[in-house]
Amino acid sequence: MCGQPFALASFLEACISSYRHSGVRFVLRKKPAGKAVSQTAHQVEREYAVLAAIHKHNTRPTTSPESRVPVPQVFALCEDVDVIGTPFYIMEFLEGRIFTDMSMPGVPPEVRSEWCVIFFSLFRRLLSPYLPPLSRRPSRSSARPPL
C-alpha cells in the first residue's frame, strides 16, 4: 500500500479521511487535533475494538443473517503517536450519507420513517444478546424494571 500516491478526501473535520488505493477505498479514522473534550471522547482504540468484534460476529458461520449488523471491516489499529501524531485505524469505506442535522434536510418524511425503522432494527440486533425476545405486548411485570 505504501509507496504509491493516494487520492485524499477529508470530511467531518479531518477526523476521518478517505483514501483510494488500486481502485479500493479505505478510511483512516483518527482523533481530532487539539485537546479532547474529555478523556473518554474520541477513543479510536475502543471504536476499533467494537467494530472488530461486530465484524467477527457477522462473519461466524453460526451467525444468522437476521442477527448480523452491517459495519465496515477494520484492517489495522496503530497506537504509535509517532506515526501521524495520534492513534488511528484503517477501515473499509462504505457508501452512505452522514447527517449532522437530525432533521435530515432534503429527505422525504416517508424515507426518514423507513430509515428510523431500519436504524432501530439494527440497534436491536446490537443489543439482542442482552434483551428478551420482543412480544407484541409486554407483560406488566416485564414492562419496567424494579427500582
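The values are calculated or read from the model by the stated rules, or taken from the named source; none is laboratory data. Please read these numbers as outputs of a predicted model, since none were measured by experiment. All Cβ positions, glycine included, derive from the backbone under ideal geometry; neighbour counts span all protein chains shown.
Couple of notes before you dig in:
- Pairs where the first residue, in segment 96-114, is exposed (fewer than 10 other Cβ atoms within 10 Å of the Cβ) and the second is among the aromatic types (Phe, Trp, Tyr), C-beta under 8 Å, 6+ apart: ILE98/PHE11
- Among the residues making up segment 11-40, a single one is at pLDDT 70 or above, of a type in the set (A, V, I, L, M, F, W, C) and touching a Pro at 6+ places or on another chain (Cβ under 8 Å): VAL27.
- Boolean, ALA76 is within 13 Å of VAL27 (Cα to Cα) and not hydroxyl-bearing (Ser, Thr, Tyr): yes
- Selection of segment 91-114 for residues being within 29 Å of ALA52 (Cβ to Cβ) and either small (Gly, Ala, Ser) or in contact with a Cys (Cβ under 8 Å, 6 or more places away or on another chain) (or both) yields only GLY96.
- Where strands (runs of 3 or more DSSP E) sit wholly within segment 10-126, those with at least 1 residues that are over 15 Å from the mean Cα position of the chain (by Cα) occupy 16-21, 24-30, 74-78.
- Any hit, segment 50-61, residues being at pLDDT below 85 and exposed (fewer than 11 other Cβ atoms within 10 Å of the Cβ): no
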